[in-house]
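A short worksheet on the structure shown next.
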Amino acid sequence: MTSSTANAQALVVYNDNQAPLKRFSEKQKVLQIGDFKIRLQQNWNENGVAGVLWDSASVLSEYLVHNDVVRGRRVLELGAGTGLPSIVAAKLSAHHVTATDQPMALPLLRQNLEANLNEEQLSAVTVLPLDWTNPPKEQLSCDLILGADLVYNEGVFEALRGVLKWLINGDTVMLMATKIRYPKDKRFYETLEDEFTVTQVHYDNATDVILYRITRKREEL
């Protein structure tokens, strides 16, 4: 995002089912995702929403562990934040993982990747800044796109739609985990349906997280 947009996004605080402030102040989260024990550093004070772990990232990561969708594929994560889905994808033998976020989020993202992946896994990971409002001219090659809790700030919905149109082509698949907190969130997915097929593939009752599979619609002959 642009610096002004990025800062606005980073500082947005939203109601996550009245989640206690403790979740924001914890410096470290220790998780068991399948067979993987993962330690994530958090930094709410400096990174805002990009600096803490959200339920959607955990649910998406669990889905990756229990469904063979990553191995051998080129994976790109949007809004990677603390990096959990990217870490899990690398551990699940993705061919390559590209973890992207706004520039201010990248130091913490790199720290978590380096702390949880071995040298071989790290050699297949790239960390990149990605401005949704001004994506690079060259196409980022990927087979699978991951996103967790990207839909909350209506001010960046149009930019997010644009980056999905840029990335999702041919057989590319996106898995997007989300909570529908407000009517505007549901409307975002409805606006995708002109160009994309949006299918719910999983629902986590404990966290109220929905996982959508998004693909480009095929042109009828």
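Checked against (1) at pLDDT 95 or above; (2) under 19 Å from THR178 (Cβ atoms), ARG74 passes all but a single condition, namely (2). Please go through the stretch 179-198 and pick out each residue that is at pLDDT below 90 and in contact with an Asp or Glu (Cβ under 9 Å, 6 or more places away or on another chain). ILE180, ARG181, TYR182, LYS184, ASP185 - these are the residues of the stretch 179-198 that are at pLDDT below 90 and in contact with an Asp or Glu (Cβ under 9 Å, 6 or more places away or on another chain).
Of the residues PRO136, PRO129, PRO107, only one is of a type outside the set (D, E, K, R), more than 19 Å from VAL59 (Cβ to Cβ) and within 16 Å of the chain's Cα centre (by Cα); which? Quick ask: steps written out before the conclusion?
Numbers: PRO136 fails: within 16 Å of the chain's Cα centre (by Cα); PRO107 fails: within 16 Å of the chain's Cα centre (by Cα).
Being of a type outside the set (D, E, K, R), more than 19 Å from VAL59 (Cβ to Cβ) and within 16 Å of the chain's Cα centre (by Cα) holds for just one of PRO136, PRO129, PRO107, which is PRO129.
Scanning the stretch 169-178 for residues that are modelled with pLDDT under 95 and either in a helix (DSSP H, G or I) or touching a Lys or Arg at 6+ places or on another chain (Cβ under 8 Å) (or both) yields ASN169, GLY170. If the condition is being loosely packed, with under 12 Cβ neighbours inside 10 Å, at pLDDT 95 or above and either closer than 13 Å to ALA115 by Cα or touching an Asp or Glu at 6+ places or on another chain (Cβ under 7 Å) (or both), then the stretch 21-38 contributes VAL30, LYS37. Scanning the stretch 65-91 for residues that are within 16 Å of GLN121 (Cβ to Cβ) and crowded, with 23+ Cβ neighbours inside 10 Å turns up VAL70, VAL75, GLU77, ALA80, GLY83, LEU84, PRO85, SER86, ILE87, VAL88, ALA89, ALA90.
Among the numbered conditions (1) modelled with pLDDT of 90 or more; (2) within 23 Å of ILE87 (Cβ to Cβ); (3) in contact with a strand residue (DSSP E or B) (Cβ under 6 Å, 6 or more places away or on another chain), the only one that VAL151 does not meet is (1). Residue pairs whose Cβ atoms lie under 7 Å apart, sitting 6 or more positions apart in sequence or on different chains, and linking a residue in the stretch 147-166 that is on the phi < 0 side of the Ramachandran plot and assigned to a loop (DSSP other than H, G, I, E, B) to a partner that is among the small types (Gly, Ala, Ser) and surrounded by 21 or more Cβ atoms within 10 Å (Cβ to Cβ), are LEU150/GLY79. Can you find a residue that is assigned to a strand (DSSP E or B) and modelled with pLDDT of 95 or more anywhere in the stretch 103-115? No, the conditions are met nowhere in the stretch 103-115. When the stretch 169-197 is limited to residues that are under 21 Å from SER61 (Cβ atoms) and of a type in the set (Val, Ile, Thr), the one that is surrounded by the most Cβ atoms within 10 Å (Cβ to Cβ) turns out to be THR178.
The values are calculated or read from the model by the stated rules, or taken from the named source; none is laboratory data. Computed from a predicted model, the values in this text were never measured in an experiment. Note that we place each Cβ from the backbone using ideal geometry, even for glycine, and neighbour counts take in every protein chain shown.
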